[in-house]
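The values are calculated or read from the model by the stated rules, or taken from the named source; none is laboratory data. These numbers come from a predicted model, not from an experiment. As a convention, Cβ positions derive from the backbone with ideal geometry for all residues, glycine included, and neighbour counts pool all protein chains shown. Surface areas here come from the heavy atoms of the whole protein model, side chains and all, with no ligands, DNA or RNA. Shrake-Rupley method; radii C 1.70, N 1.55, O 1.52, S 1.80 Å.
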Amino acid sequence: NLMKQTEERRSESRMQEICLSGLMRGREVGGYWPCASHPVASLPTLLRHRLPSAGPSHSGFSLFEALIAMGVFALAFGGLALALDSSIGAGVEARNVARMRRELESRIAFCMVVPPDPGTRRVIEAKDNRGVRVEETFEPYLVKTAEGIELQDLWNLTIKVEADGLHAEAGTVVLRQGE
């Protein structure tokens with residue numbers, strides 16, 4: 001009787017191995033997986049059967065493995081967050097520099113047509129100019145030739161812009177007759 005039970009267990013164990021190897025090879029017959037002990041068993045039923053093992057069964061990850069994986073993920077995510085923050089900061093600074101340069105070029109073009117009064121300073125506050133503060137000065141430009149002759153009607157146009165802690169300055173010499 002004991003011999004018969006042992007033989008039945010071996011036979012059933014062998015059937016389960018065949019059944020599971022069929023699962024691993026992907027053999028499917030009419031929506032069911034073939035198995036000698038359960039000819040019409042569905043996949044969830046087959047997955048509940050376990051093969052006998054020699055030692056303790058290890059399923060899933062240990063706590064230590066999960067903690068190590070979370071630590072690696074946290075480091076990678078932290079590095080990505082720093083890179084994105086740096087990239088966003090550089091983008092904002094580039095946008096502000098471009099905005100200041102555009103304002104500077106625009107103000108130079110405008111002042112070439114309508115210069116500030118000679119010897120004065122014209123200021124446009126940031127709140128009135130899309131966040132960019134502009135300061136324009138128009139002063140005489142004194143220059144002498146090699147012979148010591150002073151050139152007349154030259155003016156120095158200087159424009160300073162400030163926005164979000166950034167500063168830029170440009171200047172040009174303008175010939176203006178009749179002043």
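A few notes on this one:
- The residues of the range 121-166 that are touching a residue at least 40 places away in the same chain (Cβ under 8 Å) and not acidic (D, E), listed by number, are W155, L157, I159, V161, A163, L166.
- The number of residues in the range 62-87 being in a helix (DSSP H, G or I) and either in contact (Cβ under 8 Å) with a residue 40 or more places away in the chain or open to solvent by less than 100 Å² (accessible area, probe 1.4 Å) (or both) comes to 17.
- Here the range 121-173 is the region considered, the condition is being touching a Ser or Thr at 6+ places or on another chain (Cβ under 6 Å) and surrounded by 14 or more Cβ atoms within 10 Å (Cβ to Cβ), and the residue that is nearest to A98 (Cα to Cα) is T158.
- The set of residues in the range 148-179 being among the polar types (S, T, N, Q) and in contact with a strand residue (DSSP E or B) (Cβ under 8 Å, 6 or more places away or on another chain) consists of N156, T158, T172.
- Filtered residue count, the range 52-89, keeping only those that are of a type outside the set (S, T, N, Q), at pLDDT 95 or above and under 30 Å from H167 (Cα atoms): 6
- R107 satisfies every condition listed in (1) more than 20 Å from L175 (Cβ to Cβ); (2) surrounded by 12 or more Cβ atoms within 10 Å (Cβ to Cβ); (3) charged (D, E, K, R) except (1).
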